[in-house]
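For reference, the structure discussed in these notes is given below.
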Amino acid sequence: MSVQFSFRQQWVRLKEIIVTTSLGWIPKLLLGEILRSRLYRVILLRLGRSVFIQDGVELLGSNQIRLDDRVFLFRGVRLNAQGENNLLRLRKGVALERGVDIGSMDHTTIDIGDRTFIGPYVYIVGTGNIKIGQDCMIACQSGIIANQHRFDDLSRPIREQGVTKQGIVIEDDCWLGHRVTVLDGVTIGKGSVVGAGAVVTRDIPPYSVAVGVPAKVISRRTSMGNASRDANLVKS
């Protein structure tokens, strides 16, 4: 990391501390939401219109965070885009419930599509790129983890063998139930439903219903009868 880059990051962090310390704690009754929705423009890459930022939201690497119009960030959300050449983008109408934690490492893009809802205490992290499509619903305490430790060399500690960073894609209109885990290198096809507690280790075709550890496709969304029956397996 160059000295120039390091100095720039220190300056960014100083601005974040000044702005968020001054404004981040102010509650709604004292116009905190209005002040944050206007003055956080100083530190963010982009701040759209009608953005709701509740008190207690933490922003790191904010110059690489883009919030489009009508984004909702509730109390306890943590967005961390620190590192070199990162982008964390929340598109129009995205809502992050309390305690959502999104983090990246160097050269990572995390892009969450229009109107997607992320439930409480969901954890999303690179180092691989993560693309979540439009109109998705991700239930509480799920994990989307775009890296995995290598462990094939028995002569070296696992922590010294590096990580994968293939990336994760969740296409439009997917529903992930409570405590679903999605691992690196996976694509979940459009319109798919993943049941509570599933661990997704391989691709899921579009319009599938998948459950279990590891997740396996048990049916396709082909009729109203299947949709009604399979909804009971998700329980978000």
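The values are calculated or read from the model by the stated rules, or taken from the named source; none is laboratory data. Owing to the predicted nature of the structure, the values given are computational and were not obtained by experimental measurement. Reconstructed Cβ throughout: ideal geometry from the backbone, glycine too, with neighbour counts over all protein chains shown. All accessible areas refer to the heavy atoms of the entire protein, side chains included, with ligands and DNA or RNA removed. Shrake-Rupley method; radii C 1.70, N 1.55, O 1.52, S 1.80 Å.
Note on exposure: Glu160, Glu97 ranked by accessible area (1.4 Å probe, complete protein assembly) read Glu160, Glu97, with the most exposed listed first.
Dipole magnitude for region 152-196: computed about the Cα centre from +1 point charges on Lys and Arg Cβ and -1 point charges on Asp and Glu Cβ, it is near 140 debye. Shown in residue order for region 80-95 are the 3J(HN,Hα) couplings computed by the Karplus curve 6.51 cos²θ - 1.76 cosθ + 1.60 at θ = phi - 60°: 10, 10, 4, x, 9, 6, 9, 9, 10, 10, 10, 7, 4, x, 5, 10 Hz (x for Gly and Pro).
For the pair Ile34 and Asp135, the difference between a 0.36 nm per residue extended length and the Cα-Cα distance amounts to 33.7 nm. By the compact-protein rule of thumb, 2.2 N^0.38 Å, the alpha-carbon radius of gyration of region 114-188 corresponds to a ratio of 1.23.
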